[in-house]
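Data block below; observations after.
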């Protein structure tokens, strides 16, 4: 698939000029995993950023309760959605991980290359970081709704 055409179909990318999309696309690498395999792993160095091309992906969070490690599926992602953005916002390690629900393909971006590109082209960096911020806000809202639902269920049984 042509990455430039794919990116133009993602909400928010229409704000980028053709030359910006081309520069962004130039550093992308196509990757893939089979169902059940991880793409990024919580706690590992956050050196890559991804945009899902095909398949379904689960965002997973592992919590350490001292004696037990428990992994939770926080949400699922589909084509066109960004993930593993920890490194782009200054976290040295992934704060969550992902696991393929189905066979997946994705566009992979090296965080250091992206940072260099954003420093060379501030407008591109602004638009991309705004898209990342919107993704973070959307995920936070999703988790807030999950928590509200969980507490509503608990209160209704008390």
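Do we find that residue 119 is closer than 17 Å to residue 27 by Cα, outside any loop (DSSP other than H, G, I, E, B) and in contact (Cβ under 8 Å) with a residue 60 or more places away in the chain in this structure? If you could, list the steps in order and put the result at the bottom.
Numbers: closer than 17 Å to residue 27 by Cα: yes; outside any loop (DSSP other than H, G, I, E, B): yes; in contact (Cβ under 8 Å) with a residue 60 or more places away in the chain: no.
When the stated conditions are applied, residue 119 does not pass them.
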query = In this structure, does residue 99 turn out to be within 22 Å of residue 31 (Cβ to Cβ), out of contact with any helix residue (DSSP H, G or I) (no Cβ under 9 Å at 6 or more places or on another chain), touching a residue at least 24 places away in the same chain (Cβ under 8 Å) and assigned to a helix (DSSP H, G or I)?
reply = no
query = Residues of the stretch 127-147 being modelled with pLDDT under 90 and either outside any helix (DSSP H, G or I) or within 30 Å of residue 19 (Cα to Cα) (or both), which ones?
reply = 138, 139
Residue satisfying all of: in the stretch 118-157; more than 22 Å from residue 76 (Cα to Cα) and under 19 Å from the mean Cα position of the chain (by Cα); surrounded by the fewest Cβ atoms within 10 Å (Cβ to Cβ) among these = 126
key: Which numbered condition residue 108 fails, given (1) under 22 Å from residue 140 (Cβ atoms); (2) in a strand (DSSP E or B)   = (1)
message = Among the residues of the stretch 34-44, are any in contact with a strand residue (DSSP E or B) (Cβ under 7 Å, 6 or more places away or on another chain), surrounded by 14 or more Cβ atoms within 10 Å (Cβ to Cβ) and in a strand (DSSP E or B)?
response = yes
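From the list 30, 63, 52, which residue is out of contact with any helix residue (DSSP H, G or I) (no Cβ under 9 Å at 6 or more places or on another chain), exposed (fewer than 15 other Cβ atoms within 10 Å of the Cβ) and in a strand (DSSP E or B)?
Numbers: 30 fails: out of contact with any helix residue (DSSP H, G or I) (no Cβ under 9 Å at 6 or more places or on another chain); 52 fails: exposed (fewer than 15 other Cβ atoms within 10 Å of the Cβ).
Only one candidate passes the filter, namely 63.
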note = For the stretch 41-72, the count of residues that are more than 22 Å from residue 10 (Cβ to Cβ) and in contact (Cβ under 8 Å) with a residue 24 or more places away in the chain equals 9
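The values are calculated or read from the model by the stated rules, or taken from the named source; none is laboratory data. This one's a predicted model, so the numbers in the text were calculated from it and none came from an experiment. Because the Cβ atoms are built from the backbone with ideal geometry, glycine has one as well, and the counts that use them run over all protein chains shown.
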